[in-house]
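Bear in mind that the values in this text are calculations on the coordinates, not laboratory data. In this text the structure is predicted, and so the values were computed from the model without any measurement. Cβ atoms come from the backbone with ideal geometry, glycine included; neighbour counts cover every protein chain shown.
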């Protein structure tokens with residue numbers, strides 16, 4: 001199996017970083033879970049474990065195929081939380097007014113949405 005692409009390597013580092021934060025500080029992500037879904041803390045913890053497993057799995061040639069596909073699926077599954085984060089940031093700007101910090105946060109959450117596509121593609125390709 002060929003080595004991980006540079007983008008897949010970046011993805012694994014992002015997964016490790018995000019996975020650790022999900023497990024150490026789950027409250028950071030709980031509000032990003034769409035309100036229609038139950039058990040926000042449990043979903044945050046589960047996604048953190050899934051991110052760490054995906055990162056480790058993509059580095060290991062024997063598990064790269066399943067880890068890449070599973071990581072792509074995970075990125076699709078958490079996309080609604082990313083949308084919710086953007087909606088919440090926009091609501092804060094609308095209700096509390098704009099400040100440089102609020103605008104920067106909103107801009108970052110908006111910019112993150114289309115970046116999911118190359119990350120999904122990198123994970124998928126790592127599994128092929």
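The table below lists the values:
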| item | result |
| --- | --- |
| Zero-based 5 Å bins, Cα pair distances in the chain, whole percents | 2, 12, 19, 21, 19, 14, 8, 4, 2, 1, 0 |
| Neighbour-count order for 52, 113, fewest beta carbons within 10 angstrom listed first | 113, 52 |
| Relative exposure of 58, 85, judged by other C-beta atoms within 10 Å (fewest first) | 85, 58 |
| Radius, Kirkwood style, for the range 1-48 when every pair of distinct Cα atoms is counted (Å) | 11.9 |
| Calculated [θ] (222 nm, deg cm²/dmol) that DSSP helices of n ≥ 4 give over the chain, each run adding -39,500 (n - 2.57) | -26500 deg cm²/dmol |
